[in-house]
Amino acid sequence: MTNPIVEFLEKRKQDKLKKPVKPVEEIEQDFRLDTWVVGAANRASQLSLVSHPGKFSHPDARITPVLFTGEYAPDGYLRSGNANAGQDVVGNAAALDVYAFLSVVLDDGRSVLEHFEANSAALKALLAVGEETFAAWRTAFLQIKAVDGGAKTHTNVKQVYFPVAEGYHLLSVLYPSGLMTEHRERLRQMKFSDATKVARDARRKEQFHEQGFADMTGLLTLHFGGTKPQNISKLNSNNGGEAWLMPCLPPELQQNYLHLPKADFFQWLRRDAEWYDILTALHKLLLTDYNNIEIRQYRQRRIEQLFDWVMGRAVLLQQQPVGWSGKEGFRLPAAQRFWLDAAYRESNPAPEQWQETIARSMSEWVVTSYKRFRKKQGDAVSLGEIEVKAFQAEMLGYAREHEEFLL
């Protein structure tokens, strides 16, 4: 049967022998089981086992070590006890190898520290020492979990006033480094595991992948400890001094939020890339010969495209909750309210020649939009009353052909 403790010491010895800073014989002596464990036992008091290190708030924060062990409960909360979060270690960074020794897992799946706590005969056999020596070592190593009397906070720890029935409690807010580490590991597996790399590669090659992958964007990286993350805690050192925060921002409503017209539908319209393309094409046609039948047909087609563009925005308003145009602050013309709001159409008679009114407003909007579109260039074709009436007739004719858009 192998001895995990001997294997642990052998690995550390070999690391020292690769770049020896003292004679090989001395290194061999330092890593004899009895010699090394005696030294480690003497240094164990320099470390404290914790769940919420104070130095994450500030490197100089010195507080009473907090070691909290939560119990699992199906309450739906992300908290200590409900997540498989390990414990952390703070103290002299030069003594962190002591915790590495106590974390060695033996054949039964329990760590050396757990065996010391249980006063294990199996651990005593692996250490090959007598009862008295084992008891002394056990006392020394268990100091890593010892807490001095009283609870002491520090001015460098973040503090908040929390309301209670009789007033406020001043709370010292600490970082749960075990939960932070578990959170970081799950995100790392999500983003960088071998399975995720295969799935990403399949997507890049436009190939099917049975499982696919999940991703998390907008992560923020917090750094603790600068160039010496081991001075904050052991888990912080393992994480390279990094912790990841997920975004916690208000929802972005711009894509779904529709600003409703209050005074005039046509003034409410906002140009976009499609509008720009249609007006550009219309301008080129207006520069050509009006008497050309083919050109007139092309121009009429562009006018119809503008009609469709306008009707697409009108449909968005027609799909709004009925009665929106009657709310405080809205004063649309009667024809537009009848056109855009079903509640107004159901409770009021149709305004006289309302479709002609809409068509006339639309034709005027076409002329105005075109002039504004070419204003900077100064090359707009002059459009007068004749053109406006022609556009109006075309708009009205097109509207009558597509009555479903107006009703």
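The figures follow:
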item	result
Under DSSP loop assignment and at most 16 Cβ neighbours within 10 Å, longest GluC sites (Glu not before Pro)-free interval of the chain	72-165
Hz values of 3J(HN,Hα) by residue in the range 299-306 - Karplus curve (6.51, -1.76, 1.60), Gly and Pro given as x	5, 5, 5, 5, 5, 5, 5, 5
Cα-based helix-to-principal-axis angle, 33-43 vs the chain, degrees rounded to 10	60
Sparse-neighbourhood loop sites, trypsin sites (Lys or Arg not before Pro) in the range 10-60 - DSSP loop, at most 15 other Cβ within 10 angstrom	R32
Cα-Cα separations in the range 1-155 greater than 20 Å, expressed as whole percent	58
Partners for K19 among lysines (Cα-Cα distance below 26 Å; same-chain residues under 8 apart left out)	K11, K228, K234
Karplus 3J(HN,Hα) series, Hz, for the range 310-321 with 6.51 cos²θ - 1.76 cosθ + 1.60 (x for Gly, Pro)	5, 5, x, 6, 5, 4, 4, 6, 5, 8, 6, x
The range 170-229 - percent relative contact order, Cα under 8 Å, separation 6 or more	26
Hz values of 3J(HN,Hα) by residue in the range 90-104 - Karplus curve (6.51, -1.76, 1.60), Gly and Pro given as x	10, x, 5, 4, 5, 9, 5, 5, 5, 5, 4, 5, 5, 8, 4
Residues of type aspartates and glutamates that K145 reaches as a straight line, Cα spacing below 18 Å, ignoring anything fewer than 8 places off in the same chain	D88, D97, E114, E117
Percent of C-alpha pairs per 20 Å bin, the chain, short to long	18, 29, 20, 18, 14, 1
Placed amide H near Q159: partners under 5 Å, 5+ positions off or other chain	V173
Calculated P(r) of the range 155-243 - Cα pairs past 15 Å, %	71
Between helix 354-373 and the chain: long-axis angle, C-alpha atoms, 0 to 90°, nearest 10	70
Accessible area per residue in Å² at 1.4 Å probe, computed on the chain	62
Accessible carbon and sulfur surface of the chain relative to its total accessible area, %, 1.4 Å	52
Principal-axis tilt of helix 4-18 within the chain, Cα atoms, nearest 10 degrees	80
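The values are calculated or read from the model by the stated rules, or taken from the named source; none is laboratory data. None of the values given here were measured: they were computed from a predicted structure. Cβ atoms come from the backbone with ideal geometry, glycine included; neighbour counts cover every protein chain shown. Surface accessibility is based on the protein's heavy atoms, side chains included, excluding ligands, DNA and RNA. Shrake-Rupley method; radii C 1.70, N 1.55, O 1.52, S 1.80 Å.
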